[in-house]
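Undergrad: Let me begin by handing over the structure; questions about it come next.
Taken together, the values in this text are just the output of simple stated rules run on the coordinates, not laboratory data. Just so it is clear, the structure is predicted and the values come from calculations on it, not from any experiment. Cβ coordinates were reconstructed from backbone atoms using ideal geometry, including for glycine residues, and neighbour counts include every protein chain displayed.
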Amino acid sequence: MFGRLSFVQGDAARIDDLITYVREVVKPATDELDGNHGLGMWVGRDTGDALVMTVWRDAAALTASEQAVVKLRDDAAGIVGGKSVVERHEIGLREVTIPHQPGFGMRLVQIQSSPATLDDDVAWAAANVVPAARSQDGFVSYILGIDRSAGTGIAMTTYRDLASMRAANAAAAKIRDMAIQRGVSVRGLHEYEVAIVGIRVPIPAQRNVDLTAAEERAKR
């Protein structure tokens, strides 16, 4: 699987407008594209940061969808008066305990490594980062995406709420220091709230969730 990540920074007061646009316009449009496995959105309500990720069956499906999403992405960024920065990553590691829900907290770390060592880095993360993350209260998931040609990656760790995410910051910093000692550098660090849950990827031993919190309550 592959993910296209669009990072946006703009007016924090317009974040809810952006969420509405992504939910009502972007997600339905991308859901119709061949090879699409859904969309997720994360926001920083205080900072005006937002992240929208669409997930694709393979690299060919991601590439084929590029032209179809350009205007959607530009219009979304315009709502908050910002511009989008796009990254594309192969999903190299996925550890999920329960389905995500709006309101959960997610820490995203952008990393830079060497293309020659990426597979070793993924194996190291599976052996070291995942167990450390799982030991933290409120841990929900860890997802590692990699760009093999550029040697870049993103690590997304999700918790049951923002408080749990922040309580785990010290432990996460120690893990980042260990990664840096291996030669991995940190390109960026973001803290988000889960805003839209709509990635249709099966979760072992769990039902798949493709609903917002309000939709889920209405269905019960």
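Undergrad: Taking the conditions exactly as written (closer than 24 Å to ARG187 by Cα and in contact (Cβ under 8 Å) with a residue 24 or more places away in the chain), does VAL69 satisfy them or not?
TA: no
Undergrad: Still on this model: Could you say which residue among VAL55, VAL69 is touching a His at 6+ places or on another chain (Cβ under 6 Å), of a type in the set (A, V, I, L, M, F, W, C) and under 26 Å from GLN101 (Cβ atoms)?
TA: Within the list VAL55, VAL69, the selection yields VAL55.
Undergrad: Right, another one. What number goes with the only condition from (1) closer than 15 Å to GLU87 by Cα; (2) of a type outside the set (S, T, N, Q); (3) touching a strand residue (DSSP E or B) at 6+ places or on another chain (Cβ under 8 Å); (4) surrounded by fewer than 22 Cβ atoms within 10 Å (Cβ to Cβ) that GLY44 does not pass?
TA: Of (1) closer than 15 Å to GLU87 by Cα; (2) of a type outside the set (S, T, N, Q); (3) touching a strand residue (DSSP E or B) at 6+ places or on another chain (Cβ under 8 Å); (4) surrounded by fewer than 22 Cβ atoms within 10 Å (Cβ to Cβ), only one is false for GLY44: (1).
Undergrad: Grab the helices (runs of 4 or more DSSP H) fully contained in region 116-193, keeping just those with 2 or more residues being in contact with a helix residue (DSSP H, G or I) (Cβ under 7 Å, 6 or more places away or on another chain).
TA: In region 116-193, 169-181 are the helices (runs of 4 or more DSSP H) which contain 2 or more residues that are in contact with a helix residue (DSSP H, G or I) (Cβ under 7 Å, 6 or more places away or on another chain).
Undergrad: Right, next: Counting only residues that are closer than 30 Å to GLY35 by Cα and in contact with a strand residue (DSSP E or B) (Cβ under 9 Å, 6 or more places away or on another chain), how many does region 150-204 have?
TA: Total meeting the criteria: 28.
Undergrad: Further question on the same structure: ARG57: among the basic types (Lys, Arg) and farther than 19 Å from GLN9 by Cβ, yes or no?
TA: Against the criterion (among the basic types (Lys, Arg) and farther than 19 Å from GLN9 by Cβ), ARG57 qualifies.
Undergrad: Working carefully through the options VAL129, VAL184, VAL201, find the one that is farther than 30 Å from VAL22 by Cα, in contact (Cβ under 8 Å) with a residue 24 or more places away in the chain and under 19 Å from the mean Cα position of the chain (by Cα).
TA: After applying the criteria, what remains is VAL129.
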